[in-house]
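See structure below.
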Amino acid sequence: MNNFDFIILGAGSAGCVLANRLSENPSHKVLLIEAGGKDNYPWIHIPVGYFKTMHNPNTDWCYKTEPDESMNNISIRYPRGKTLGGSSSINGLLYIRGQHRDYDIWRQLGNTGWGWDDVLPYFIKAENQERGKSEYHGVGGPLSVSDQRIHLPLLDEFQNAAEEFGVPKTKDFNTGDNHGCGYFQVTEKDGFRCSTAVGYLNPVKHRNSFLWCNRFSSNIASIRNWKSRKTKKIRN
Ligand SMILES: Cc1cc2nc3c(=O)[nH]c(=O)nc-3n(C[C@H](O)[C@H](O)[C@H](O)COP(=O)(O)OP(=O)(O)OC[C@H]3O[C@@H](n4cnc5c(N)ncnc54)[C@H](O)[C@@H]3O)c2cc1C
């Protein structure tokens, strides 16, 4: 397979979704190029593992901001994922959509299709919500969303204190109204991280139309056909 209809650069959050959708059509030839390696480092999949994957050159680009005069010339570490799943493989797993009003402002500014009512069906379609289907949530989608397993008395007390100060308790930050205090949900399934590589790539990587190329940043890259399990080395 030497010709492609689509070449996707970066198998991060966006790239994995694109690869999944574009390879749905068996006549499409899709090449997905990722500069990082496979997501086989166990800490990627354990939610608290971001302590091991952030600032780790095997999974993080380890960027730093330019020193800033207004911050006493300090430079700040700026993690970005460098593996299959990209930043969704090293992020904090919080599943929180934006505010209803912000999307509507985008639409009013001329961005057709970006109002809350426009994007909500896509949020619902993407989701595999542990709490089940509802007005704001979907089941059976590629992205698994779960409740956090740990509840701490101190955090419960914090919510009580917030309520006393007029901040209402909330059980759902994804209805378009984020005002409130509560436990947020996480992109996890059965206690493991649901990165976009897990949710969108793994289920479809056997497709005939689909090849994955990694370590593109060195002068040798490998192109792998998951279905035939054949890997071809190429030189830049
Ligand atoms: C530490 C951290 C915590 C976060 N916490 C949360 C959170 O809790 N909740 C939330 O919703 N969001 C969170 N985010 C943000 C969210 O993860 C990102 O906004 C999202 O993953 C970005 O998706 P993307 O597709 O734009 O980029 P990425 O997912 O970063 O994908 C880019 C991909 O391109 C690859 N790439 C780069 N250059 C090349 C090249 N030249 N050739 C080939 N491949 C290349 C990279 O290796 C990477 O895999 C967090 C992000 C980080 C880094």
| Would you say Asn202 is farther than 25 Å from Ile46 by Cβ and modelled with pLDDT under 95? | no
Counting only residues that are modelled with pLDDT of 95 or more, part of a loop (DSSP other than H, G, I, E, B) and either near the ligand (Cβ under 10 Å from one of its atoms) or farther than 18 Å from Leu94 by Cα (or both), segment 40-54 contains a total of 2
Arg149 meets each of (1) more than 16 Å from the ligand (Cβ to nearest atom); (2) free of Cβ contacts under 8 Å to residues at least 40 places away in the same chain with one exception, condition (2)
Picked from segment 156-202 (must be among the β-branched types (Val, Ile, Thr) and assigned to a loop (DSSP other than H, G, I, E, B)), the residue farthest from Asn128 (Cα to Cα) is Val167
Only unsatisfied item for Glu163, checking (1) free of Cβ contacts under 8 Å to residues at least 12 places away in the same chain; (2) over 24 Å from Ile90 (Cα atoms), is (1)
Counting only residues that are of a type outside the set (A, V, I, L, M, F, W, C), in contact (Cβ under 8 Å) with a residue 24 or more places away in the chain and under 18 Å from Tyr200 (Cβ atoms), segment 38-49 contains a total of 3
Within segment 59-75, of all residues that are surrounded by 13 or more Cβ atoms within 10 Å (Cβ to Cβ) and part of a loop (DSSP other than H, G, I, E, B), the one nearest to the ligand (Cβ to nearest atom) is Trp61
Within segment 98-118, residues within 16 Å of the ligand (Cβ to nearest atom) and crowded, with 18+ Cβ neighbours inside 10 Å come out as Tyr103
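Would you check which residues across segment 19-39 are within 10 Å of the ligand (Cβ to nearest atom) and in a strand (DSSP E or B) and list them? First the steps, then the outcome.
Taking segment 19-39 as the starting set, the residues that turn out to be within 10 Å of the ligand (Cβ to nearest atom) are 32-37, 39.
Across segment 19-39, the qualifying residues are Leu32, Ile33, Glu34, Gly37.
Can Ala11 be described as within 13 Å of the ligand (Cβ to nearest atom), surrounded by 19 or more Cβ atoms within 10 Å (Cβ to Cβ), in a loop (DSSP other than H, G, I, E, B) and not polar (S, T, N, Q)?
Values: within 13 Å of the ligand (Cβ to nearest atom): yes; surrounded by 19 or more Cβ atoms within 10 Å (Cβ to Cβ): yes; in a loop (DSSP other than H, G, I, E, B): yes; not polar (S, T, N, Q): yes.
Yes: the conditions hold for Ala11.
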Check: Can you find a residue in segment 17-39 that is modelled with pLDDT of 95 or more, out of contact with any Gly (no Cβ under 8 Å at 6 or more places or on another chain) and within 29 Å of Cys181 (Cβ to Cβ)?
Finding: no
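The values are calculated or read from the model by the stated rules, or taken from the named source; none is laboratory data. None of the values given here were measured: they were computed from a predicted structure. We place every Cβ from the backbone using ideal geometry, glycine too, and count neighbours over all the protein chains shown.
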